[in-house]
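Remarks on the structure that follows.
The values are calculated or read from the model by the stated rules, or taken from the named source; none is laboratory data. Since this is a predicted model, take the numbers as computed values, not measurements. Note that we place each Cβ from the backbone using ideal geometry, even for glycine, and neighbour counts take in every protein chain shown. All accessible areas refer to the heavy atoms of the entire protein, side chains included, with ligands and DNA or RNA removed. Shrake-Rupley method; radii C 1.70, N 1.55, O 1.52, S 1.80 Å.
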Amino acid sequence: MTTAATFSRYADLPALIGFMEGDEKHDGASLSTTDALWVLYDRVLDVTPETAEDPARDRFLLSKGHGPTAFYAVLAAKGFLDVPTLRGWTSFGSPLGHHPDRVLVPGAEIGSGSLGHGLPLALGSALGLRAQGIRKADGTEPRVVVLVGDGELDEGSNHEAIAAAARLGADNLTVVVIDNASSQHGWPGGIGRRFEVEGWEAREVNGRDHDALDRAFTRTRDGRPLAVVARVRNGN
């Protein structure tokens, strides 16, 4: 039987994604997230299959959930999912649907559906952890990271979350914006500027450059939430 240990490298992700067929129209949405997801789970997030229920774990929320195959592949590579589960995805009885279900998918923190909900949920999670006084062994707060698409930033619920986060000092919150030029409206001065005017720290990077992504995600908390804009071109 194929095991997760067999497919545990970044180079294995195309093969893992290839096990999941039948949703090719969302390939671009999924593949645009591959590198950011890998860097987060491989270098940044303090969460493993063994600590997935630990209250002090870092949390990753996938708001851009309509193309989940890259997310499922990374979870499999990191041992949250058994690799054979990928082959039967979206079939009757499979825990893996076209949108992740937090009840069925090990490692999934939220169920996705309508775009625009992930960032408000992430802000609530970050504030909830702070209100409970939850800390890691080293005394730091757990980190909450949410991945959104540039298109879903058009949704009104995101406007409210962006405006509130810095004013509430949610510096344990990071939003990763996958910018594949799919937004209908855009923002004067660019996506990063949108966050900066509301008091966030914003960084823009090549969304395929792992070292650049790692540097962007690594930071000293200064009372501000962090927005990382990862620029990608679908298919490249």
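I'm trying to understand the selection: among the residues of the range 133-163, which are open to solvent by 40 Å² or more (accessible area, probe 1.4 Å) and touching a strand residue (DSSP E or B) at 6+ places or on another chain (Cβ under 7 Å)?
Listed by number, the list is empty, since nothing qualifies.
Quick check: is even one residue across the range 94-112 assigned to a helix (DSSP H, G or I) and not small (Gly, Ala, Ser)?
no
In this structure, does residue 112 turn out to be open to solvent by 10 Å² or more (accessible area, probe 1.4 Å), under 28 Å from residue 140 (Cβ atoms) and of a type in the set (S, T, N, Q)?
In short, yes.
Counting only residues that are touching a residue at least 12 places away in the same chain (Cβ under 8 Å), over 17 Å from residue 171 (Cβ atoms) and part of a helix (DSSP H, G or I), how many does the range 193-207 have?
1
Considering only the range 135-179, state which residues are in a strand (DSSP E or B) and not aliphatic (A, V, I, L, M).
Within the range 135-179, 149, 174, 179 qualify.
Among the listed residues 23, 46, which satisfies the condition of being at pLDDT 90 or above and of a type outside the set (Ser, Thr, Tyr)?
Testing whether each residue is at pLDDT 90 or above and of a type outside the set (Ser, Thr, Tyr) leaves just 46.
Give the residue that is surrounded by the most Cβ atoms within 10 Å (Cβ to Cβ), with candidates limited to residues of the range 173-206 that are touching a Leu at 6+ places or on another chain (Cβ under 8 Å), farther than 15 Å from residue 116 by Cα and at pLDDT below 95.
Checking each candidate, the answer is 194.
Can you find a residue in the range 54-74 that is of a type in the set (Val, Ile, Thr) and farther than 30 Å from residue 162 by Cβ?
Checked the range 54-74: no residue is of a type in the set (Val, Ile, Thr) and farther than 30 Å from residue 162 by Cβ.
Name every residue in the range 208-226 that is open to solvent by less than 40 Å² (accessible area, probe 1.4 Å), touching a strand residue (DSSP E or B) at 6+ places or on another chain (Cβ under 6 Å) and not in a helix (DSSP H, G or I), in order of residue number.
If the condition is that a residue be open to solvent by less than 40 Å² (accessible area, probe 1.4 Å), touching a strand residue (DSSP E or B) at 6+ places or on another chain (Cβ under 6 Å) and not in a helix (DSSP H, G or I), then 225, 226 are the ones that fit.
Here is a check on your reading of the model: is residue 68 more than 21 Å from residue 142 (Cα to Cα) and open to solvent by 40 Å² or more (accessible area, probe 1.4 Å)?
No: the conditions fail for residue 68.
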